[in-house]
Every structure is written in C-alpha cells, then in structure tokens.
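Chemist: Attaching a single structure in structure tokens format; questions to follow.
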Amino acid sequence: MGQRKTTAANRERILQISSQLVRERGIEHTTLADIADAAGISKGTLYYYYPTKGDLVFDIAERHMTNMTERIFSRLESSRAGQSPRTVFRLVLDTVMRSRSRGEIHVYLLQEAMTQNPSLRKRFIQEYRNWRRIIEEGLARVLGNGGEYRVMAQVLLATLDGLILQRLVGVDSVPMDGIARFFESAGTPSPVS
C-alpha cells in the first residue's frame with residue numbers, strides 16, 4: 001500500500017513540474033531530461049513513469065481538461081438557476097479559449113497522435129469520446145432531457161478544436177457571442193407545424 005502512495009506522489013510531482021516547465025518554456029523547448037533534472041530524478045526513473053514525452057504531455061492535457069470541466073460545472077452550479085443556453089455556450093467557449101497552454105498542448109498532442117504515436121492516438125480517441133459524453137450530458141442538463149445532443153456535442157467539440165487552431169495562428173477576432181447564439185438556436189426545438 002505504501003508503494004502505491006509513493007508511486008502516486010512521484011507521478012503527481014512529475015506532472016506538476018512538467019506542467020510548470022511546459023508553461024514557461026513551451027512543449028518544444030521542454031525535454032524529458034529537463035523534467036528529470038527539475039524533479040531531481042534520473043531519466044530512467046522518469047521513463048518508468050512516462051516512457052514518452054507524448055504520454056507525459058497527454059496526462060498534463062488530461063488534467064488540464066478535467067480542471068476546466070470542473071470550473072465550468074462549478075460556475076454553472078453556483079450561478080443562478082435557469083441560465084439561457086447562450087450564456088452556457090458562451091461560458092464554455094470563453095473558458096476553453098482563455099486557456100492558452102491547453103491549445104498548444106492539444107495541437108502538439110494531435111500532431112504526435114497523427115504522425116508517430118499509435119498509443120497516443122488510442123488515448124486521444126478515448127478522451128474525445130469522454131469529452132463528447134461530458135458535453136452531451138451538460139447539454140441535456142441545460143437544454144432539457146428530451147433532445148438528441150450527440151451530434152451537437154460532436155459539432156461543439158470540433159468547433160472548439162477549430163477555434164483553438166485559429167487562435168494559435170493569430171486570427172484576429174472570433175465572434176464568440178454569435179457562435180454561442182448559433183449553438184443556442186441549434187439546440188432549441190423547432191415548432192411543429
């Protein structure tokens with residue numbers, strides 16, 4: 001039992017140090033050797049926990065996404081009941097778009113998954129399914145349980161990916177309120193004639 005706690009504590013420490021280095025230097029300028037040095041461990045010990053940089057960065061991204069999701073739900077739960085769907089969509093868009101490091105990490109991981117890391121690709125597929133499910137459940141909570149939100153969740157996820165890419169390449173402005181209004185109207189059932 002003590003070994004599990006030590007392993008978890010070591011992994012946690014590596015993730016914290018890695019996250020800090022990635023924020024300070026960027027992904028491309030942070031090596032596994034840098035992380036091992038900053039953590040005060042050998043590269044062999046680091047490889048025991050994270051055999052590739054992609055695996056380590058994926059765990060950083062996963063943690064970041066979990067934190068963002070918790071922040072979004074916490075803000076929704078603590079704010080007044082009956083928020084408009086547009087307000088909710090805007091909150092989701094703003095929260096994701098304000099996270100600078102998440103965008104860089106996400107694009108790095110996508111590139112790794114598409115070009116050279118099949119195990120990372122598998123993890124990405126699982127995470128996309130998980131994110132889509134979380135978005136789908138959130139939409140049902142906000143818009144009501146009668147709707148079919150799977151497609152909307154997929155489109156929102158793809159929209160977020162596209163917006164992140166646009167921000168990273170320097171697109172000037174993104175009409176967040178217009179996008180939120182679009183998703184609100186897409187989620188509103190049309191009148192039966």
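Please treat every number below as a calculation from the coordinates, not as lab data. Predicted, not measured: the structure shown is a model, and the values here were computed from it. Heads up, the Cβs are rebuilt from the backbone with ideal geometry, glycines too, and the neighbour counts pull from every protein chain shown.
Chemist: Determine the calculated [θ] at 222 nm for the chain from helices alone, applying -39500 (n - 2.57) to every DSSP H run no shorter than 4 residues and normalising by the residue count; nearest 500 deg cm²/dmol. Before the final figure, lay out the partial values.
Modeler: Details: 9 runs with 153 residues, N = 193.
Computed ellipticity for the chain at 222 nm equals -26500 deg cm²/dmol.
Chemist: Rounded to the nearest 20 debye, what is the charge dipole size of region 53-187 about its Cα centre when +1 sits on each Lys and Arg Cβ and -1 on each Asp and Glu Cβ?
Modeler: Working: 20 positive and 16 negative charges, 22 e Å.
Using Cβ point charges on Lys, Arg, Asp and Glu, region 53-187 gives about 100 debye.
Chemist: Any chance you could list P(r) for region 1-51, counting all Cα-Cα pairs in 5 angstrom bins from zero, rounded to whole %?
Modeler: 4, 22, 31, 24, 12, 5, 2, 1
Chemist: What whole number of Å gives the distance from the Cα centroid of region 133-156 to the Cα centroid of region 25-78?
Modeler: When both Cα centres are located, 29 Å separates them.
Chemist: Can you name the helices of the chain, as whole DSSP H runs, whose Cα span along the helix axis is 15 Å or more and whose Kyte-Doolittle mean is not below 0.5? Can you show the working numbers first?
Modeler: On the way: long enough: 2-25 (34 Å, -1.10); 53-78 (37 Å, -0.50); 85-98 (20 Å, 0.35); 100-115 (23 Å, -0.37); 118-143 (37 Å, -0.76); 150-169 (29 Å, 1.24); 176-187 (16 Å, 0.21).
Taking the DSSP H segments of the chain (at least 15 Å long, mean hydropathy at least 0.5), we get 150-169.
Chemist: Now for a different question. Between Lys5 and Arg63, take the C-beta separation as r, use R0 = 25 Å, and let me know the FRET efficiency to the nearest 0.05. All intermediate terms of the calculation are to be shown ahead of the outcome.
Modeler: Values: r = 19 Å, r/R0 = 0.75.
Efficiency at R0 = 25 Å is approximately 0.85.
Chemist: Another question about this same structure. If we restrict to alpha carbons, what Rg and Dmax does region 53-187 come to, in Å?
Modeler: Cα only, region 53-187: 15.1, 46 Å (Rg, Dmax).
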